[in-house]
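Below: one structure, written as structure tokens.
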Amino acid sequence: MTDETDQDAFTKLDRFFEELRLEMRANPELAVRLVKAIGAEVSFEGTLAVKLVNPRELAITSDEAGFRAAFAAMTLADIKTVLKAHNLASAVDMKGLQAPELIDMAYRRAVAKAAERNV
């Protein structure tokens, strides 16, 4: 290979990785899957966390402290949204509970669901 061919190959690779970075920013679910595929830990905060946190998967891949940390920055409404989205609690189940109690419930139920699926 010549220097010019080498440079062209690097330019094309740079373009490929830039497109991949742009896609991962636009599609955080893809970013999470790719980061996990390489064996790295990933965490998000705020509205992105609400969208991406999967309590059952968290119960499988982390300890209780890690599970709780994933919910630490969420508001009460965010926690409720996650629990509803993952069928871990109904509005009736959550009525009157505060964030720590909801996180306790989420952990117990996520662990139970993971066990049901033999994971």
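If I take every Cα pair under 8 Å that is 6 or more residues apart in the chain, average their sequence separation and divide by the length, what percent do I get for the relative contact order? Write down the numbers at each step before the final one.
Values: 75 pairs, mean separation 27.1, N = 119.
Once normalised by length, the contact order is 23 percent.
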Exercise. Tell me, what ³J(HN,Hα) does each residue in the range 74-85 have, in order and in whole Hz, if you take phi through Karplus 6.51 cos²θ - 1.76 cosθ + 1.60 with θ = phi - 60° and put x for Gly and Pro?
Worked result: 7, 7, 4, 4, 4, 4, 4, 4, 5, 4, 5, 4
Exercise. If you look at just the Cα atoms of the range 7-69, how large are its Rg and its Dmax in Å?
Worked result: 15.1, 49
Seminar exercise, completed: Which of LEU97, LEU13, LEU76 fluctuates most in a GNM of the chain (C-alpha springs under 10 Å)? That residue is LEU13
Seminar exercise, completed: Along the range 60-70, Karplus-curve 3J(HN,Hα) (6.51, -1.76, 1.60; θ = phi - 60°) to the nearest Hz, with x for Gly and Pro, reads 7, 9, 9, 7, 4, 5, x, 4, 5, 4, 5
Exercise. What Rg and what Dmax come out for the chain when only alpha-carbon atoms are used, in angstroms?
Worked result: 19.4, 70
Exercise. When the Karplus curve 6.51 cos²θ - 1.76 cosθ + 1.60 is applied with θ = phi - 60°, which whole-Hz ³J(HN,Hα) does each residue of the range 92-100 get, with x for Gly and Pro?
Worked result: 5, 4, 8, 4, x, 8, 9, 3, x
Exercise. Using alpha carbon centroids, what distance separates the range 64-118 and the range 10-59, in Å?
Worked result: 23 Å
For this session: Quick one: which residues, 5+ away or cross-chain, put their amide H under 5 Å from the amide H of ASN54? H built at 1.01 Å from N.
Result: none
Problem set entry | Highest-MSF residue in the chain out of ALA37, ALA77, ALA69 [GNM, Cα springs under 10 Å] | ALA37
For this session: Please arrange ILE79, ILE38, ILE60, ILE103 by counting, for each residue, the other beta carbons lying within 10 Å of its beta carbon, fewest first.
Result: ILE38, ILE60, ILE103, ILE79
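Since every read-out is calculated from the coordinates, none of them should be taken as a lab result. Model, not experiment: these values are computed from the prediction. Heads up, the Cβs are rebuilt from the backbone with ideal geometry, glycines too, and the neighbour counts pull from every protein chain shown.
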